[in-house]
1. Let me spell it out: the conditions are (1) part of a loop (DSSP other than H, G, I, E, B); (2) modelled with pLDDT of 95 or more, and A:His310 meets all of them except one. Which number is the exception?
2. Going through region A:167-211 one residue at a time, which ones are touching a Phe, Trp or Tyr at 6+ places or on another chain (Cβ under 9 Å), of a type in the set (D, E, K, R) and either surrounded by 22 or more Cβ atoms within 10 Å (Cβ to Cβ) or in a loop (DSSP other than H, G, I, E, B) (or both)?
3. If the requirement is being in the same structural domain as A:Ser266 (by TED's automatic domain parsing) and open to solvent by 10 Å² or more (accessible area, probe 1.4 Å), which of these qualifies: A:Ala483, A:Ala468, A:Ala499, A:Ala444?
4. Does A:Glu364 satisfy being more than 27 Å from A:Val281 (Cβ to Cβ) and open to solvent by less than 10 Å² (accessible area, probe 1.4 Å)?
5. Filter region A:38-97 for residues that are surrounded by fewer than 16 Cβ atoms within 10 Å (Cβ to Cβ), in contact with a Phe, Trp or Tyr (Cβ under 8 Å, 6 or more places away or on another chain) and not hydrophobic (A, V, I, L, M, F, W, C) and give the result.
6. Go through (1) in a helix (DSSP H, G or I); (2) over 27 Å from B:Arg131 (Cα atoms); (3) of a type outside the set (Gly, Ala, Ser) and name the single condition B:Leu101 misses.
7. When region B:163-216 is examined, which residues are found to be buried (at least 21 other Cβ atoms within 10 Å of the Cβ), within 14 Å of chain A (Cβ to nearest Cβ) and part of a strand (DSSP E or B)?
8. Tell me yes or no: at least one residue of region B:18-41 is on the phi > 0 side of the Ramachandran plot and not in a helix (DSSP H, G or I).
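The values are calculated or read from the model by the stated rules, or taken from the named source; none is laboratory data. Everything numeric here is computed off the predicted structure, so don't read it as measured data. Cβ atoms come from the backbone with ideal geometry, glycine included; neighbour counts cover every protein chain shown. Heavy atoms of the whole protein, side chains included, go into the accessibility calculation; ligands, DNA and RNA do not. Shrake-Rupley method; radii C 1.70, N 1.55, O 1.52, S 1.80 Å.
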Amino acid sequence: MCGIAGKVSEGEPIAPGLIEAMCERQAHRGPDSRGVHRAPGAELGVQRLRVIDLDTGDQPIYSEDRSVAVILNGEIYNFRELRRELERRGHRFATKGDTEVIAHLYEEHGAELVHRLDGMFAFAVWDARRRSLLLARDRVGKKPLFYAEGDDWLSFASELGALTSDDSIARALDPASIQCYLAYGYIPAPWSVWRDVRKLPPAHLLVWERGRSRIERYWSLDYSRKRGESPRELEEELRRRVGAAVRRRMVADVPVGVFLSGGVDSSIVAAEMAAASGQPVKTFSIGFEDGRYDELPRARAVARHLGADHHEFVVKPDAISILPKLVRHYGEPFADSSALPSFYLAELTRRQVTVALNGDGGDESFAGYLRHVANRAVAPIDRVSHRLRRPVASAAGRLPAGADGRGIPSYARRLLQSVDLDGVDRYTDHVSVFTAAELDRLLAPGFRDGADPTRPRRVIRRAWYTAACDSSLDQLLSVDVNAYLPYDLLVKMDIATMAASLEARSPLLDRGVMEFAASLPARSKVSLFRKKWLLRRAYRDRLPAKTMRGRKQGFAVPLDSWLRHELRDYVREALLGPTALTRSYVSPAAVETMLGEHLAGRADRSAKLWSLLMLELWHQSVATPARA
Amino acid sequence: MSAPGQSVSVVIPTHNRAPFVGEAISSVLAQRERPREVIVVDDCSEDETPELLKRFGDSIRVIRTEANVERGAARNLGAALATGEALAFLDSDDVWDTGKLRRQLAAVPPSAPSITGVRLIGTAGRDTGRRRIPARRSDREILIDNYCFASPSTMVVPKLAFEEVGGFPVQRRYQGSEDWMFLVKLLWAGWPVKVVREALAGYRLHPGGWTQQPENLERSMWAACQWLEEQRLSPPRFVAARRNWVATAIACAYLVRAEWSPARHWSGIAVTHGGPADRLRSCRRLAKSTARGVTGLWRPAPA
């Protein structure tokens, strides 16, 4: 777990001190050591958090003849097998850690080495002989990687703030990215908030050789081959794979724990840890002083059932002082409010352990969202003529909207309203913070007509139309795995844990588990109204029945009430005050209306207001100082 | 704000089409909404095309290839020189209606790709009275069903989109399906391809026309099916439906010429691919073409 950065150049020499400055900006990612590799036209730097091989594992790591230098952020879980294989082929290892296998694999396979790796990673390999740089990101995008390119140079870093310490990168806003942010709450790869900075997408590698770069995708989930075994056999295979994935992630030379929300996924991970470990598992949970969102009793029940060493934190969140810190860490506007509890949880957990497992990815692999059930239910409607669907949609639009915008009735209303749309547009509507129509009303005309207005729509469409799935459920899952998971969930986890110098590991995002899930027929994921059917069934004997029946919540925050009470003045000041820099993007009248409706309790606009607030905070703490 | 046409560069690839290319260029120059520029890529024509192009003087920009590279590469060459934010293409045997650009841009801004319907015209340019209007259903259906009437002659594409997908395929084996493959790549990249359901261009049916030759269909469309499958970005069900569609089209092209042996071969392939609905549809199309072949009516003239 580390932060990596570097620059390669065929032209101008690299500015002295640049790599150190980049490392300094992301020092929290790896406070234990710093390593720098300096060669003509190529400099690499790394901040390391020691997790495996505490003594000899400091990076950069080199091949035997030092022609290949490697820096790695993340973990290679299968490094022991790879190491044995490489040693048989005559490679000599100088360290005991995982980074060195990349150096030797590179000598054997070149860029193709990524196919051999199992883990979460973003790494850089500098090949001095060929003068080429290889950058790669893991299959689902657990570890971040930003880069920028000029005519004859390329810079990269784990964090945006570190990358933009390079003065050759212009800090010009990308208006289309801001529109993506408002639409979904995140900015998807390959774009970033800055016009000239890109994110390397998950499962992609980039090869830069003498000033020219190419990017290619090296992996995607295959949903086309379905298993025909009986449910009992599938359950057994599932438990075997999840168990193996958890055990692989318990390997560390530092203390390991688990985030326990009390939901199905994190409880399963904790149960597997308990089964694999001789000692009580260290479990960590968080609750708020607002009882409505308190999940502590559920987590406690699971911990008691497993005989865990359970730790609970109850916080009264001080959003006003924490938010700017989170915003600075990510360097990009990001609107998922559960980053806040995740951050508190990570910070408190770090006091006890260095590595924490979590249940991320269960919902995307095994179908855990309401939209999976709902969209599956309405999928046959795509075969019905639009002429018949239109009256249904417009009638639904006239039904009264609930004040809090939550719950099944208001969800059903939203679903019915969208039956007139094509599948892809319906999904887009469901996952949007601001739908296309709302965005049209919100944005100031000058800003709306900026470059590339179709980009927000393309984000979901590209995932939708490249999902090689025959079933409508698989298509939704594939879109989730290629958009929501890497750009929202994993970003949130990385920001929250890295800000606290804690390493997060997600067994349910293990390649073996995900490929198994993709090979399951739809009926074993979703039964009529039951989400994650097989996953729940496989663990029904090992966890309390109440846990397995429970409804999803995750680490949620009471956003609507915060915005109506504690944060009321703060939000008004931020969004409508004289320093509201974002006003050049959005129409103040639209914001005023939204805020009024929310405060008066006529509607729940919390997600929208939150995303505008985070954008404004990003401006105040990142964009403006950067410009100065 | 400047006129929307000013953001559009028109690219016309041509190869040995002297009888038609003049009419094509004139139809662009006569547009009510004037485009920014007209780039004609003379793909190594051996007829009188070069002299003919000179007559247009400064109103068009002509580039000539040193060897014949075929239509995909020729369009890419023209696009690389274009200065507009959007690209429009016209095949040199087709024509635009004078209101084409204006109506298309009024319906869809040049920041999104769009296609329109076509009128089928004869060799002499006379309207045959037939129209081909792409369906406005889901994009998937547009791409399976409207295999050649999403004609490049109706496309307006933002340059950003064109560059993102790497332009038209250039390999020779794909030429003829390069337009369809280009649309599929746009779809995969998430670009919404809008349909203007009006016939705004003339699509010329003539004996030298590409779609009139079953051998062409056989070579390029089947190769494109293979490509679709290899990319592994589309559902297997979709790939099978596409194979069914293409095999049917090839079989029909042979049937109307009463070339029974290859027709039988391709009919066999058609009915073994795709779902029940696809197969039923291809049986209907095959029956119709068989009737045309047996009666000898509407048999296309030899090239």
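1. (1)
2. A:Arg171, A:Asp174, A:Lys199
3. Values: A:Ala483 fails: open to solvent by 10 Å² or more (accessible area, probe 1.4 Å); A:Ala468 fails: in the same structural domain as A:Ser266 (by TED's automatic domain parsing); A:Ala444 fails: in the same structural domain as A:Ser266 (by TED's automatic domain parsing).
After applying the criteria, what remains is A:Ala499.
4. Numbers: more than 27 Å from A:Val281 (Cβ to Cβ): no; open to solvent by less than 10 Å² (accessible area, probe 1.4 Å): yes.
Against the criterion (more than 27 Å from A:Val281 (Cβ to Cβ) and open to solvent by less than 10 Å² (accessible area, probe 1.4 Å)), A:Glu364 does not qualify.
5. Residue satisfying the conditions is A:Glu87 alone.
6. (2)
7. Within region B:163-216, just B:Val195 meets the criteria.
8. Step one: list which residues in region B:18-41 are on the phi > 0 side of the Ramachandran plot, which gives none.
No, the conditions are met nowhere in region B:18-41.
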